[in-house]
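Step one of this worksheet: look at the structure below.
The values are calculated or read from the model by the stated rules, or taken from the named source; none is laboratory data. All values reported here derive from a predicted model rather than from experimental measurement. As a convention, Cβ positions derive from the backbone with ideal geometry for all residues, glycine included, and neighbour counts pool all protein chains shown. Remember, those area values only see protein heavy atoms, side chains included, never the ligands or the DNA or RNA. Shrake-Rupley method; radii C 1.70, N 1.55, O 1.52, S 1.80 Å.
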Amino acid sequence: MARYSLHAIGSDRPGIVARVTGVLAELGCNLEDSRMSILYGQFAITLIVEADDALGLHAIDEAFALVRSEFSLTVVLHPLPETLVPMVVAENVMVSVHGADRPGIVSTVSLAIADLGGNIIDLATHRSEDPSGDSYVLLISVETSPTCNEQNLAEELDRVSSMIGVSCVVHSAGNELL
């Protein structure tokens with residue numbers, strides 16, 4: 001079996017997920033992993049797809065011609081390595097950041113996580129407007145390491161958050177994702 005990453009982006013409309021996954025189902029492909037989101041009216045999906053070797057990338061790509069046209073989607077397929085990288089089950093911690101919106105929040109917090117040896121495995125942000133000004137929420141799932149545990153991450157992010165004027169909370173998440 002072959003594996004591919006499939007990425008589709010375009011303006012959001014009802015039915016996109018049904019049509020994209022329908023094409024794959026008609027081809028006999030299996031969805032192994034996925035993530036979909038709507039950001040500012042823009043649809044984005046990433047799928048990890050398992051397909052019969054005989055099908056091939058070109059045939060899968062051609063099967064999306066009608067969906068590309070119907071939804072004005074950009075659909076991109078990439079072959080993945082034949083050997084799977086074994087997933088290491090590590091403890092995850094969740095980081096929540098709240099504060100006034102301003103440039104540099106994500107880069108500052110993610111750099112602190114990387115400097116400690118943590119691996120960001122999921123990240124979501126949301127900006128909202130309210131009478132007191134724009135507020136910003138950042139949620140990050142971090143895979144810990146010997147040098148990045150819940151305690152030292154909380155200490156470092158407490159230091160960093162005071163520098164950039166946000167509040168940061170770190171808590172254990174087990175093996176959950178956002």
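Within region 120-178, can you find the residues that are within 25 Å of SER37 (Cβ to Cβ) and out of contact with any strand residue (DSSP E or B) (no Cβ under 9 Å at 6 or more places or on another chain)? Once the filter is applied, which keeps residues that are within 25 Å of SER37 (Cβ to Cβ) and out of contact with any strand residue (DSSP E or B) (no Cβ under 9 Å at 6 or more places or on another chain), region 120-178 yields only ASP130. When PRO81, PRO103 are screened for being under 30 Å from ARG159 (Cα atoms) and either in contact with a His (Cβ under 8 Å, 6 or more places away or on another chain) or open to solvent by 70 Å² or more (accessible area, probe 1.4 Å) (or both), only PRO103 passes. Taking the listed residues ALA25, ALA100, ALA18, the one that is closer than 30 Å to TYR136 by Cβ and not charged (D, E, K, R) is ALA100, with no other qualifying. Considering ASP61, ASP53, the condition of being outside any strand (DSSP E or B), surrounded by 14 or more Cβ atoms within 10 Å (Cβ to Cβ) and not β-branched (Val, Ile, Thr) is satisfied by ASP61 alone. Six or more apart or on different chains, Cβ atoms under 7 Å: show the pairs whose first residue is in region 96-109 and without any contact (Cβ under 8 Å) to a residue 60 or more places away in the chain and whose second is of a type in the set (Asp, Glu) and open to solvent by less than 60 Å² (accessible area, probe 1.4 Å). These pairs meet every condition: ASP101/ASP134. Total residues in region 123-148 satisfying the condition of being free of Cβ contacts under 8 Å to residues at least 12 places away in the same chain and open to solvent by less than 70 Å² (accessible area, probe 1.4 Å): the figure is 2. All conditions but one from (1) buried (at least 16 other Cβ atoms within 10 Å of the Cβ); (2) modelled with pLDDT of 85 or more; (3) in contact with a Ser or Thr (Cβ under 7 Å, 6 or more places away or on another chain) apply to ALA173; the one that does not is (2).
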